[in-house]
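Down below is the structure, laid out as structure tokens.
The values are calculated or read from the model by the stated rules, or taken from the named source; none is laboratory data. This structure is a prediction, so every number in the text was calculated from the model and none was measured. No Cβ is skipped: glycine too gets one built from the backbone with ideal geometry, and neighbour counts run over all protein chains shown.
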Amino acid sequence: MSGSHSISIAVLSVNQDDVELINSTLRAAGHAAHCHWINHPNKLPKTLAAERVELIILNCDSYSESIRQVIKQKDRFNPEVPVIALKDEANELVIHDAMKSGAVDLVSIGMKKRLTAVVSRELRALRAERALNSTITSASGYRQQVRDLMQASTAAIALVQEGIVVDANDSWLKLFKAAKIDEVAGMPLMDHFEIEHHAALKGALIATVREKWQRDEKLDARPSVDGGEIGILQLGFAKIDYDGAPCVQICIAPPEKSSQEPTKLVHDALKRDPTTLFFHRSQFLERLTKRLKRKPKSGLHVLTYIKLDDFGGIRDKVGIIDSEELLAQFSEILRKRMHPRDLAGRFEGTSMMVLLERGNAQDGQVWGQQLVNHVNKTSFEVGDNSTQMTCTVGVCGVSDVFGSLEELVAATLDAHRSGKAAGGNTSLLSETADVDTKQREFDAIWVKHLKAALMENRFRLAQLPIAGLRSDSIEMYDLLVRMIDEQGQSVLPSEFLPAAERNNMMKNVDRWMIKAAIDFCEENDADRVFVRLSRQSVLDASTAAWMQQEFDGRDFDCSRLVTQIPEKDAAKHIKQTKALVGKLKHIGVGFALEHYGIDQERFQILDMLKPDYIKINGELMHSLMTDTELQGTVENIVNAARKRDIKTIAERVENANAMAVLFQLGLDFMQGHYVHEPEVVLEDRDSGQHRSLADLQAANSS
């Protein structure tokens, strides 16, 4: 490949020598390379916006962001640009992992010839793709070319305009069991899929037309015509021009054939209960033990014990055989409300146990109550019988106060018994005197570590971007706090923050956060930063005056700060919240209601506090994707907020399906791992490892 065309390359590395290495290697091979050095993630968007970058080369050993994070960042500007990864050493497994993360290849830094070959290959492919796109767009026979490409593809492809299928290839007809194109053309796309996926499909179509859908994202949806033979399909979306009008091309890749040996499939099946499809008790406990040894990166584990109320009476009504079918239907409801990382097993008889990963134990209780409410409203059909059922959920947050798995399980079962004793049909969080006693003992240790961290300035700020669903014109971040121990290791926020709350130390943490937020704004171009205020700060009459003094002393633009307070705390202390918010708004500080619930449409609090933003409770996100009733309630809240000129933000958005539903419901912003994982800033040292109280004690005793 000749060097007549200068190659524009972004080199992502903290070492400028890598730029010179790549430049000299490519020039020696005859390529006129123009390299842009990117040594920090903040520089990449500016370079991609200003330059026509054709290739990104990422040094995985030195750059601060992962391959996935780099790809998400560049996809906002040009999804077709390939990413080549570099490492000091590489093998087949390392290359596989890099390509699985989205890189087109991975090259050892010393392999200059292979680097040249990979660069040449990817540039040829990129330029060929651009030339093809240009040709197709400008050719007079564009429509026929699109049809030819569709028919040549083994993937199922359909073209959709305003929700109506206007064309489809033979693979699409075969997948959806249509004999000819007339059976699908002119029909709504929604007719192809089960109703629980309609909101996500509508949102994905709108987002694609408005160019808010990333081309490599896939939407999961179950077809309505397959009789259960195929299962969930993965849909890709792309915007194209068709007959002079915007059109959405939907592509479904052929389902992969299972490569598992029959003996392995049988072995896996034997691990699961045939009625519920959850793990058998022994298999569940084995996996539970392993999972509890790994602390979540954020939040904590929550154990739940779930059992149908009066199942004996239900069995007497419908019969022994049909009662097992009812249990299977109940299990399917439970499965749909679980997150991908949750673990479930049939614990004993008709009881299930689920290990959740949530922000806190209260989130687990909310999850349980949502399940209870849904089951209570569901009519279960078996044979000619229709019956109603209820369930009770016991919930217990996992912490170091439990000396063994036996103690944790016992506390969870005790919570369930308390719920049953209260009449059942409820979700109850464990609150035992024995646990409280142990908690106080552990808190005494936490207080010592918290005070030392405050005195020695061992807190760090982490930022979580808030992305616009309607517009990207405002750059916003949710600011989080991290604590570093004496050995420089990161301590789990889910452990030290509850301890600070219980021991009246959150006001000190809040004030550290406000100061750190000002520093962050001075060093970054953020338009808005969101900072949490605890219940203690809300009840402290000096909070507003202290904040104004800090702002005045730093000459800070208060309009860049948004304070956020959980809805439960605001509702419980409405007088103090209103007074604090009024004073802060007077000096220009914004206000957000966090974890806004939808158990009932509580618009009165919006009229009283007049927030600038409300954050829809993240615990609802997974259920929201398929629960049409919940979608209607959230849409009512969005409409009520819009009438009051309040912007809406969705918390904990983790995948494309959730984003598509939120887009359809009209929310303004979203945050969560789908947008970006939290990134630590304003730090001196942080190994990235997370420690619990047990780790702190072990480190101090060694």
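In table form, for the structure just shown:
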item: Checklist (1) more than 19 Å from ALA125 (Cα to Cα); (2) of a type in the set (A, V, I, L, M); (3) in a loop (DSSP other than H, G, I, E, B) applied to ILE22, failing item; result: (3)
item: Complete set of residues in segment 432-473 that are outside any helix (DSSP H, G or I), modelled with pLDDT under 75 and farther than 30 Å from TYR674 by Cα; result: THR432
item: Residue in segment 521-534 that is more than 27 Å from the chain's Cα centre (by Cα) and closer than 27 Å to TYR596 by Cα present; result: no
item: Selection from segment 414-428 of residues that are crowded, with 19+ Cβ neighbours inside 10 Å and under 11 Å from THR392 (Cα atoms); result: ALA415, HIS416, GLY419, THR426, SER427, LEU428
item: Residue tally, condition within 25 Å of ASP17 (Cα to Cα), of a type in the set (Asp, Glu) and either in contact with a strand residue (DSSP E or B) (Cβ under 6 Å, 6 or more places away or on another chain) or modelled with pLDDT of 90 or more (or both), over segment 90-127; result: 1
item: Boolean, ASP400 is crowded, with 18+ Cβ neighbours inside 10 Å and under 28 Å from the mean Cα position of the chain (by Cα); result: no
item: Wholly within segment 476-557, helices (runs of 4 or more DSSP H) carrying at least 2 residues that are surrounded by fewer than 17 Cβ atoms within 10 Å (Cβ to Cβ); result: 493-502, 506-523, 543-554
item: Among (1) free of Cβ contacts under 8 Å to residues at least 40 places away in the same chain; (2) under 17 Å from SER101 (Cβ atoms); (3) outside any helix (DSSP H, G or I) - the single one PRO79 does not satisfy; result: (1)
item: Single unsatisfied condition, GLY102 versus (1) free of Cβ contacts under 8 Å to residues at least 40 places away in the same chain; (2) part of a loop (DSSP other than H, G, I, E, B); result: (1)
item: Number of the exception - ASN91 against (1) in contact (Cβ under 8 Å) with a residue 40 or more places away in the chain; (2) out of contact with any Leu (no Cβ under 8 Å at 6 or more places or on another chain); result: (1)
item: Residue that is farthest from the chain's Cα centre (by Cα) [pool: residues in segment 201-219 that are touching a residue at least 24 places away in the same chain (Cβ under 8 Å) and in a loop (DSSP other than H, G, I, E, B)]; result: GLU211
item: Candidates GLY597, GLY582, GLY590, filtered to the one that is touching a Cys at 6+ places or on another chain (Cβ under 9 Å) and either surrounded by fewer than 22 Cβ atoms within 10 Å (Cβ to Cβ) or at pLDDT below 95 (or both); result: GLY590
item: Residues satisfying the stated conditions in segment 341-395, i.e. in contact with a Leu (Cβ under 8 Å, 6 or more places away or on another chain) and at positive phi; result: none
item: Enumeration of residues in segment 376-411 that are modelled with pLDDT of 90 or more and of a type in the set (Ser, Thr, Tyr); result: THR378, SER379, THR387, THR390, THR392
item: Sole exception among (1) of a type outside the set (Ser, Thr, Tyr); (2) at pLDDT 90 or above; (3) within 20 Å of VAL118 (Cα to Cα) for ALA32, by number; result: (2)
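Matching residues to (1) among the polar types (S, T, N, Q); (2) buried (at least 23 other Cβ atoms within 10 Å of the Cβ); (3) assigned to a helix (DSSP H, G or I); (4) in contact with a Cys (Cβ under 6 Å, 6 or more places away or on another chain):
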site	(1), (2), (3), (4)
LEU606	no, no, yes, no
PRO611	no, yes, no, no
LYS615	no, yes, no, no
SER623	yes, no, yes, no
GLU629	no, no, yes, no
GLY632	no, no, yes, no
GLU635	no, no, yes, no
VAL638	no, no, yes, no
ARG642	no, no, yes, no
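Listed here are the residues, each with its yes/no results for (1) acidic (Asp, Glu); (2) within 27 Å of the chain's Cα centre (by Cα); (3) surrounded by fewer than 21 Cβ atoms within 10 Å (Cβ to Cβ); (4) under 11 Å from THR304 (Cα atoms).
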| residue | (1), (2), (3), (4) |
| --- | --- |
| ILE333 | no, yes, yes, no |
| GLY364 | no, yes, no, yes |
| LYS377 | no, no, yes, no |
| THR387 | no, no, yes, no |
